[in-house]
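The values are calculated or read from the model by the stated rules, or taken from the named source; none is laboratory data. Because the structure is predicted, anything quoted here is derived from the model rather than measured. FYI the Cβ positions are ideal-geometry reconstructions off the backbone, even for glycines, and counts take in every protein chain you see. Protein only, heavy atoms only, side chains kept; ligands, DNA and RNA dropped before computing areas. Shrake-Rupley method; radii C 1.70, N 1.55, O 1.52, S 1.80 Å.
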Amino acid sequence: MPETINVNGQPQTFDGDGDMPLLWYLREKLDLTGTKFGCGMGLCGACTVHLDGQAIRSCLTPVSTAFGRDITTIEGLSEDGSHPLQLAWIRHRVPQCGYCQAGQIMNAASFLATNPSPDRDAVDQAMQGNICRCGTYNRIKAAILDVAGTESEDMA
Ligand code: FES
Ligand code: FES
């Protein structure tokens, strides 16, 4: 029997193998290619999306986990790229190649939803699982602290 998954506010039906990684479903079936494949082993965070608002690794999550639940990808974080983190990412000129950045933003958004006023150490801890091969960590941190209002200097 087809199952329903709400993806970015739209109900989608799924009728395949529930063991398929959620990442494949999002990218290959729904063409939501903002979410990236990095390691496939839960180690890099490039594939981070939200499941009922919580950051998860879609490369390790079977699509069956999402049946009847809400998935948000970078495409659904805001309708027009105006989420505070997206605007801060622009202000702080965060991305280099960009490959890791959707996962970084999705992890940061989930983190700030539970801790809206983190200090630098809390940001470090929350973001440590998201790897950036271009080394944009200082600008990522500056953007998150800017949104949090706890620190705003450009640390680039
Ligand atoms: S691709 Fe999922 S954590 Fe690296
Ligand atoms: S911006 Fe290139 S991997 Fe992070």
Identify, by number, the condition in (1) on the phi < 0 side of the Ramachandran plot; (2) within 16 Å of ligand 2 (Cβ to nearest atom); (3) modelled with pLDDT of 95 or more; (4) of a type outside the set (Lys, Arg) that residue 98 doesn't meet.
(1)
Name the pairs: first residue in the range 110-136 and within 16 Å of ligand 2 (Cβ to nearest atom), second residue charged (D, E, K, R), Cβ to Cβ under 9 Å, at least 6 apart or on different chains?
127/141; 129/57
Regarding residue 105, is this residue within 16 Å of ligand 2 (Cβ to nearest atom), more than 16 Å from residue 54 (Cβ to Cβ) and at pLDDT 95 or above?
no
Select from the range 63-85 the residues that are touching a Gly at 6+ places or on another chain (Cβ under 8 Å) and more than 15 Å from ligand 1 (Cβ to nearest atom) and list them in ascending order.
64, 67, 70, 72, 75, 76
Selection from the range 35-52 of residues that are within 16 Å of ligand 2 (Cβ to nearest atom) and either surrounded by 19 or more Cβ atoms within 10 Å (Cβ to Cβ) or among the aliphatic types (A, V, I, L, M) (or both):
35, 36, 38, 43, 44, 45, 46, 47, 48
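Conditions (1) more than 18 Å from residue 37 (Cα to Cα); (2) touching a Gly at 6+ places or on another chain (Cβ under 9 Å); (3) part of a helix (DSSP H, G or I), marked per residue:
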residue: 87; (1), (2), (3): yes, yes, yes
residue: 97; (1), (2), (3): no, no, no
residue: 106; (1), (2), (3): no, yes, yes
residue: 125; (1), (2), (3): yes, no, yes
residue: 141; (1), (2), (3): yes, no, yes
residue: 145; (1), (2), (3): yes, no, yes
Residue by residue through the range 21-62, note down the ones that are more than 14 Å from ligand 1 (Cβ to nearest atom) and of a type in the set (A, V, I, L, M).
30, 32
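Can you tell me how many residues within the range 108-130 are of a type in the set (Val, Ile, Thr) and open to solvent by less than 80 Å² (accessible area, probe 1.4 Å)?
Start the filter on the range 108-130 by keeping residues that are of a type in the set (Val, Ile, Thr), which leaves 114, 123.
Filter once more, so that each one left must be open to solvent by less than 80 Å² (accessible area, probe 1.4 Å): 123.
Summing the residues that are of a type in the set (Val, Ile, Thr) and open to solvent by less than 80 Å² (accessible area, probe 1.4 Å) in the range 108-130 gives 1.
Which of the residues belonging to the range 62-77 are polar (S, T, N, Q) and open to solvent by 20 Å² or more (accessible area, probe 1.4 Å)? Talk me through it step by step, then tell me what you get.
So in the range 62-77, the residues polar (S, T, N, Q) come out as 64-65, 72-73.
Scanning the range 62-77 gives 64, 65, 72.
What do you reckon, is residue 117 more than 14 Å from ligand 1 (Cβ to nearest atom) and in contact with a Ser or Thr (Cβ under 6 Å, 6 or more places away or on another chain)? Lay out the reasoning, then the answer.
On the way: more than 14 Å from ligand 1 (Cβ to nearest atom): yes; in contact with a Ser or Thr (Cβ under 6 Å, 6 or more places away or on another chain): yes.
Taking the combined requirement at face value, the residue satisfies it.
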